[in-house]
Amino acid sequence: MQRKFIVGNWKMNGALANNETLLKEVANGVAKMPGVDCAVCVPFPYLAQTQSLLHGTSIKLGAQNVHQANKGAYTGEVSVSMLSDFNCDYVIVGHSERRNLFGESSQLVAEKFASVQKAGLLPIICVGETLEQRETGITEAVVTEQLAEVSKLLGEQSFRTSVIAYEPVWAIGTGKTATPEQAQEVHAFIRKNIAGFDEEFGQALCILYGGSVNPTNAAELFSMPDIDGGLIGGASLVAEDFLAICNAGQK
Ligand code: PEP
């Protein structure tokens, strides 16, 4: 089993003064946890501040979105080469908030994924079903479709240099967490769906769970064999909570 990877997604939260306190507390705490890997994905305006505050720590830097083109007349957008300027390691693509609120299709998400990989950064691609889709019994079909565009564009092996985050939409920011068994079932399906019977490939895949992970439920979720860590929204804004979750992921 690989080391757990815990990623904070600040979403559209933060402020210069508060970020400093939060990041310093998180960095101090994570420095005492050699058995876990961490990253924080912050809003674009705070990349420079976060890069500087994380300098010399083991915590990696990530962004929450990117445009698929490298440059051009796309007012208001940010390219992956700009993210590289801040030494970003990760970029979240296809978060359900981007898919649902901003109409991002799986094809567009795949193009963003490609652009991130081409620049040598690692995409964190989010997939997950709505409550209605779960109740209709089409969870597996939904996540298959969300990942298939990447396979079509770049081939299945491209997932080796990426992170997959299974985030059931009904569990994001709602306080409703998938049970460890529900999450495990989908994680195992995703691993098998991508890697087939190639055991080495399957083990190389990093599949995070996201959706109302908190200090109370983290350890049980992370104890499941196919859950390689977590993508943490709300709880990543509170140093004590984020650190407790990181600690739950320590080997
Ligand atoms: C997320 O933003 O990806 C997320 C999982 O949020 P939360 O932890 O708040 O549910």
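The values are calculated or read from the model by the stated rules, or taken from the named source; none is laboratory data. Please read all numbers here as calculations on a predicted model, not as lab measurements. Positions of Cβ are generated from backbone atoms using ideal geometry, with glycine treated the same way; all protein chains shown enter the neighbour counts. Accessible surface is based on the protein model in full, side chains and every heavy atom, while ligands, DNA and RNA are left aside. Shrake-Rupley method; radii C 1.70, N 1.55, O 1.52, S 1.80 Å.
For region 60-232, lysine pairs separated by 8 or more sequence positions, or belonging to different chains, with Cα-Cα distances below 30 Å total 16.
For region 15-30, 3J(HN,Hα) computed residue by residue from phi via the Karplus equation (6.51, -1.76, 1.60; θ = phi - 60°) reads 7, 3, 5, 5, 4, 4, 4, 4, 5, 5, 5, 5, 4, 4, x, 5 Hz, glycine and proline entered as x.
Taking Tyr46, Tyr209, Tyr90 as the candidate residues, the one with maximal mean-square fluctuation in a Gaussian network model of the chain, Cα springs under 10 Å, is Tyr46.
Which value, in debye to the nearest 20, describes the size of the charge dipole of region 60-232 about its Cα centre when Lys and Arg Cβ atoms bear +1, Asp and Glu Cβ atoms bear -1, and nothing else is charged?
500
Spatially, region 156-184 and region 65-105 are offset by 20 Å when compared through their Cα centroids.
Over region 13-148, calculate the relative contact order: mean separation of alpha carbon pairs under 8 Å at least 6 apart, over the residue count, as a percent.
It rounds to 19 percent for region 13-148.
Taking the chain as a Gaussian network of alpha-carbon nodes connected by springs under 10 Å, the highest mean-square fluctuation of the residues Gln182, Gln51, Gln117 belongs to Gln182. Couplings for region 175-181, taken from phi via the Karplus curve 6.51 cos²θ - 1.76 cosθ + 1.60 with θ = phi - 60°, read x, 9, 9, 5, 5, x, 5 Hz in order; Gly and Pro are left as x. For region 60-232, the relative contact order comes to 18 percent (Cα pairs under 8 Å, sequence separation of at least 6).
Computed with a 1.4 Å probe over protein heavy atoms only, the accessible surface of region 60-232 comes to 44 Å² per residue. For the chain, the 222 nm mean residue ellipticity estimated from helices alone, with every DSSP H stretch of n ≥ 4 adding -39500 (n - 2.57) and the total spread over all residues, rounds to -12000 deg cm²/dmol. Rounded to whole numbers, the Karplus 3J(HN,Hα) couplings from phi for region 117-132 are 5, 4, 7, x, 9, 9, x, 10, 8, 9, 9, x, 9, 7, 4, 4 Hz, using 6.51 cos²θ - 1.76 cosθ + 1.60 with θ = phi - 60°, and x at Gly and Pro. Note on the chain: with a GNM built from Cα contacts shorter than 10 Å, the maximum mean-square fluctuation among Leu61, Leu101, Leu221 falls on Leu101.
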